Amino acid sequence: MRKPPPNPHDLSRHDLDDILGTINEEVRQRFGEGEVADYIPSLADVPKDRFGMALALLDGKIHEVGHSRERFSIQSLSKVHTLTLALEAVGDGLWRRVDREPSGDPFNSLIQLEHEKGIPRNPFMNAGALICADVILSNFDDAEATLLAFMRARSGNPEVGTDEAVAKSERESGHRNVAMANFIRSYDNLDNDVQDVLDFYYLQCSLCMDCVDLARSVQYLADGGHCGASGVQVTTAEGATRINSVMMTAGTYDAAGDFAYYVGLPAKSGVGGGIAAVVPHVMGLCVWSPGLDEKGNSLLGRYALHRFTRMTGLSVF
Ligand code: DON
């Protein structure tokens, strides 16, 4: 009789520290590849010879390697957390204002918005994140304090904060976001003042965290909505499943197909070089390396995740 394949979810089969060490060695040989996101001046100075990776297991154990405790600009990784907050605030009603389909277009594209009458294609494009920002502003007394408290509680790190220089840089270079927000407003799909929505969006992009913080911050998506760091049920198990599915189909911009092919995990990237990912029922994880590929995803971060799922067998496919 044919033997059943080994169960990759049984973590005792893997030497996770050894696997992280091997990935770190491989990645270091390739330092310098990719380009930093210089369209935001304050991100242009981040050195490219950085790589960190952290795994946050459901029992609270952390495995980490490289520059895993160096803080970086989380940028669009925050779109996972704001989607969670917006869904918790208004439930499925959110999907009347933003769709949940992959876009195949760059994250800052305006092109679909006119055809689709101001309904962004998904919450992980900038346009969709502006809708989540609007929902959060409408449903919480102090939206910025709510987001900050959410990030601190999810990561278990009360020191999580924002980088004012990045927020300022976003504000000064955010011409496309300004156009986008006004365009969406013209379809009556924003309730709050356009500038307030943009300010909240810039704040979420300027949050600064390290790989360990971020791996912990998405662990609730691996654990049926339960956050290990705070002991809080953040969303339902169904909510976590749904958010993971949107990460899989739209979390890495117009490279989501490529990510499914090479990595095979729900993931969300940011132009600061971070990628947060989820192995459902097993762990939250985060990689960071600032050099980006042509789609804006961390080039070495993607490579590291590819190697990780191949060495462990933990791709969801
Ligand atoms: O809106 C911007 O220009 C950036 N702060 C976008 C952040 C990012 O990582 C890409 N987003 N989906």
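The values are calculated or read from the model by the stated rules, or taken from the named source; none is laboratory data. Not measured: the values here are computed from a predicted model. Cβ coordinates were reconstructed from backbone atoms using ideal geometry, including for glycine residues, and neighbour counts include every protein chain displayed. These accessible areas exclude ligands, DNA and RNA; they are computed on the full protein's heavy atoms, side chains included. Shrake-Rupley method; radii C 1.70, N 1.55, O 1.52, S 1.80 Å.
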D196 to W95: FRET efficiency via 1/(1 + (r/R0)^6), r the Cβ-Cβ distance, R0 25 Å, to the nearest 0.05? 0.60
May I ask you to list the trypsin sites (Lys or Arg not before Pro) in the stretch 48-139 that are in a DSSP loop and have at most 14 other Cβ atoms within 10 Å of their Cβ? K61, R69, K117
Extended-chain gain in nm, criterion 0.36 nm per residue less alpha-carbon gap, A149 and Q233: 28.7 nm
Leaving ligands, DNA and RNA out of it, work out the accessible area of L58 with a 1.4 Å probe and give it in Å² to the nearest 10. 60
Carbon and sulfur: what percent of the chain's accessible surface (1.4 Å probe)? 48
About its Cα centre, the chain carries a charge dipole, from +1 on Lys and Arg Cβ atoms and -1 on Asp and Glu Cβ atoms, whose size in debye to the nearest 20 is 940
In degrees, nearest 10, range 0 to 90: what is the angle between the Cα axis of helix 194-205 and the longest Cα principal axis of the chain? 10
All other residues with a Cβ under 12 Å from the Cβ of E144 taken together, and with Lys, Arg as +1 and Asp, Glu as -1, what is their net charge? -4
FRET efficiency (K117, E159; Cβ distance; R0 45 Å; to 0.05) is 0.60
Once phi for every residue in the stretch 81-86 is put through the Karplus expression 6.51 cos²θ - 1.76 cosθ + 1.60 (θ = phi - 60°), the whole-Hz ³J(HN,Hα) values, with Gly and Pro written as x, are 6, 6, 4, 4, 5, 5
Just reorder W95, W288 by solvent-accessible area, largest first, 1.4 Å probe, all chains present. W95, W288
For a quick check of your reading of the filter: which GluC sites (Glu not before Pro) in the stretch 112-207 sit in a DSSP loop and have no more than 11 other Cβ atoms within 10 Å? E159
Relative contact order computed over the stretch 91-242 (Cα-Cα under 8 Å; 6+ residues apart), in percent: 23
So the label point goes 7 Å from the Cα of N139 along Cα→C-beta, right? Which residues of the stretch 152-177 then have their backbone N under 19 Å from it? 152-154
Among S12, S103, what's the order by accessible area (1.4 angstrom probe), most exposed first? S12, S103
Ordered by number, the chymotrypsin sites (Phe, Trp or Tyr not before Pro) in the stretch 168-257 that occupy a DSSP loop and have at most 15 other Cβ atoms within 10 Å are Y187
HN-Hα couplings for the stretch 35-45 via Karplus (6.51, -1.76, 1.60; θ = phi - 60°), in whole Hz with x for Gly/Pro, come out as 10, 6, 6, 7, 6, 10, x, 6, 8, 5, 8
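State in Å² the accessible area per residue of the chain; use a 1.4 Å probe, count heavy atoms of protein chains only, and round to the nearest integer. Please report the intermediate quantities before stating the final value.
Numbers: 12940 Å² over 317 residues.
Per residue, the chain has an accessible area of 41 Å².
Express in nm, to one decimal, how much length is gained between S173 and R28 on full extension, taking 0.36 nm for each residue of separation and deducting their alpha carbon distance.
49.0 nm
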Sorted peptide list for 270-276, 5-11, criterion being average Cβ within 10 angstrom, highest first: 270-276, 5-11
Candidates S173, S155, S42: whichever shows maximal mean-square fluctuation once the chain is modelled as a Gaussian network with Cα springs under 10 Å: S173
If M53, M311 are ordered by their accessible area, calculated over protein heavy atoms with a 1.4 Å probe, which sequence runs from highest to lowest? M311, M53
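If you take the beta carbon distance between K3 and H281 as r and set R0 to 35 Å, what does 1/(1 + (r/R0)^6) give as a FRET efficiency, to the nearest 0.05?
The computed FRET efficiency comes out at 0.90.
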Once the piece of chain linking F317 and R13 is laid out straight, how much longer is it, given 0.36 nm per residue of separation minus the C-alpha distance between them? 107.6 nm
